[in-house]
1. Over region 215-341, calculate the relative contact order: mean separation of alpha carbon pairs under 8 Å at least 6 apart, over the residue count, as a percent.
2. If Lys and Arg each add +1 and Asp and Glu each add -1, what is the summed charge of the other residues whose beta carbon sits under 15 Å from the beta carbon of Trp112?
3. Using unit Cβ charges (K, R positive; D, E negative) and no other charged atoms, how large, in debye to the nearest 20, is the dipole of the chain about its Cα centre?
4. What nm value, rounded to one decimal, do you get for the distance between Asp338 and Asp80 when each label is placed 7 Å out toward the C-beta?
5. Place a point 7 Å from the Cα of Asp7 along the Cα-to-Cβ direction; which residues of region 28-53 have their backbone N under 17 Å from it?
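Coordinate-derived values only; no laboratory data. Everything numeric in this text was worked out from a predicted model, so none of it was measured. Note that each Cβ is placed from the backbone with ideal geometry, even for glycine, and that neighbours are counted across all protein chains shown.
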Amino acid sequence: MSVDQLDTQGLGKYLAGRIEGFAGLQSAEKFVNGQSNPTFLLTTNGGKYVLRRKPPGRLLKSAHAVDREFRVISALADTDVPVAKAYHLCEDDSVIGSMFYIMSFVDGRIFWDPALPDIKNTDRAAIYEEMNRVLAALHSVDFSAVGLSDFGKPGSYFERQVGRWTKQYLAAETEVIEPMDMLIRWLPEHTPADDGQVALVHGDYRLDNMIFHPTESRILAIVDWELSTLGHPFADLAYQCMQWRLPNAGISRGLADMDRAALGIPTEPDYVERYCQRTGRDGIPDWTFCLAFSFFRLAAIVQGVLKRSLDGNASSARATEIGKMARPLAEAAVELIDEAA
């Protein structure tokens, strides 16, 4: 059975005895978007659920950690960070062929384009304000109080992350990308000293990983927590701010070539300042490094997507196209480094 299919009969029988009220699994339909963990909409006689599974086959070490996703959304259930309800984690590969978990289906809007072309200006501003609010709320979570004190290694976050993603990139390398080689040299030499800041970070905090209320500018759930860990809050902020520096063309969905003022969308400095106001900070030091690291990290991630596509176990049919973004992302990082020099 392929990664796009599930044994609904066996799965339904398994879940009926483990999730209260789960009965009569009618269908399991794979969501077409998403590049990492295959995700399915389960329809039952009593309602809808979402299943996220680890892809079958040989995978990069520490990738596709659906058990970490399950743990973090369980821990955030009673915080100010909106998440889906976690129901069950299955670590038995024999059920569907790989580890998976079940969470609630959150019915709302997902926006794929940060320019929000179908939204009026006042609502655009409200949506960006809401994203900013939730990011600040996430970084304000007392991770020890919610049982996540061991969710990552405290301290030296950027140093460890540069090393990790360098290894992940090299393990998935399919061609020589000179800007990536340059970043692999530059980032360790310019990593800022550890300032002691540690927060729960999402790791992939962007617009299309948020489910908004059907009619309000309110986030109902942040999804795709695969890369979450204890880390530096500026990493999440810089990762989201990459969208201001990417074009809105092809598979790239950014704001660099958009008239943000006319659209009612805040500038990158305004968005950063609002975050700082919410979290009691006076600016973001080493911002060029934070952005360059974010571009490098995303380039390494999409290179992994390309490698999985070539190996035949990618989650999305667009994996090869997504993977080709590694080079332009690395080039963007080198460009902003040169501009700041």
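1. Values: 109 pairs, mean separation 25.1, N = 127.
Taking the mean separation of contacting Cα pairs over the length of region 215-341, I get 20 percent.
2. On the way: positive: Arg109, Arg124, Arg206, Arg253, Arg318; negative: Asp113, Asp118, Asp204, Asp208, Asp224, Glu321.
Net local charge, Trp112 excluded: -1.
3. Computed charge dipole of the chain: roughly 860 debye.
4. Inter-label distance under the simple model: 4.2 nm.
5. 28, 53
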